[in-house]
Amino acid sequence: MSTLDVHNSSGEVLREKELAAAFTDTEVNGPVIHQCVVAYLANQRQGSASTKTRSDVRGSGRKLYRQKGTGRARVGHAKSPIRVHGGVAFGPKPRSYRQYTPKRVRRLGLHSALADRFQNQQCILVEDFALERPRTKDMVRMLKSVNAAGKVLLILDEPNQNIHLSVRNIPKVNVCTWNTLNVYQVMWHDTLIITENAVEKLESKFVNTGSEAEG
């Protein structure tokens, strides 16, 4: 079992929480994490870049000048890729960059990424909290009180509009729910702040439900 302190919004330690070693101390699979991150970034690409080939460029197909006798290199028409304003040779065309990653691989990648953060003391547990109204100042105060450093990801049990609105104007601080978490988010951020209910659900997902859970 691993034991972590649970803080309140003022940074005070309220109690200790035990998490299963199978959740926090599992072996970190670096190649799978890399595969998941590469696939995620590839799937964000629109693939809409497009260039004109020599057949798409507007212009005449007439040979510019005779083959011999000019003292210049032989050349075809003005749409040739070797001429200014000609077509592009081997340029990009609209395509899909999407990569399919099996569910079990995504699951293993997310589990490994979370374990890496737990093992490197980059996770902070906080009690479940809510804001009566959006207030960025309150969120900044909470982040300072728990000593959250670098890029911070706040992982909630369920969507909270007031917290989302309070966080969106703070640089390098993002918020998501436990069931929308992905490997890229975990690895991109330096510190994870997880609510108690969220960490319990993540623990249940990776320890108790076996391979049936969605990755």
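A few points about this structure:
- The chain: relative contact order in percent, alpha carbon pairs under 8 Å with at least 6 residues between: 25 percent
- Only helices enter the 222 nm calculation for the chain: every DSSP H run of n ≥ 4 contributes -39,500 (n - 2.57), and dividing by all residues gives -9000 deg cm²/dmol, rounded to 500.
- Choice from His189, His77, His34 with maximal GNM fluctuation in the chain (Cα, 10 Å cutoff): His77
- Leading residue at positive end of dipole, the chain (Cβ point charges), from Asn179, Gly61, Ser9: Gly61
- In the distance distribution for segment 1-132, Cα-Cα pairs more than 23 Å apart total 64 percent.
- Under 5 Å from the amide H of Lys52 lie the amide H atoms of Val88, each residue being 5 or more positions distant or on a separate chain, with H modelled from the backbone and absent for Pro and chain starts.
- Nearest-ten-degree value, helix 136-145 long axis tilted from longest Cα axis of the chain: 70 degrees
- Ordering of 88-95, 118-125 by packing is 118-125, 88-95, highest average first (other Cβ atoms within 10 Å, averaged per residue).
- Rg followed by Dmax, in Å, when segment 63-215 is reduced to its Cα trace: 26.6, 86
- For segment 1-67, taking Cα atoms only, Rg and Dmax work out to 29.3, 88 Å respectively.
- Cα-based helix-to-principal-axis angle, 103-119 vs the chain, degrees rounded to 10: 60 degrees
- Charging the Cβ of each Asp and Glu at -1 and of each Lys and Arg at +1, and nothing else, the dipole of the chain about its Cα centre rounds to 3400 debye.
- Helix 30-43 vs. the chain, principal-axis angle (Cα, 0 to 90°, nearest 10): 60 degrees
- Put simply, when 144-151, 65-72 are sorted by average Cβ atoms within 10 angstrom per residue, most first, you get 144-151, 65-72.
- Close amide-amide hydrogen proximity is noted between Leu131 and Ile163, each under 5 Å apart and 5 or more residues distant or on a separate chain (H modeled in the peptide plane; Pro and chain starts excluded).
- Long-range HN-HN contacts of Val126 with modeled amide H, under 5 Å: His7, Ile194, Thr195, Glu196
A short reminder: the numbers here are calculations on the coordinates, not readings from a lab. Just so it is clear, the model here is predicted, and its values are computed rather than measured. Counting neighbours? That spans all protein chains shown, and the Cβs are built from the backbone with ideal geometry, glycine included.
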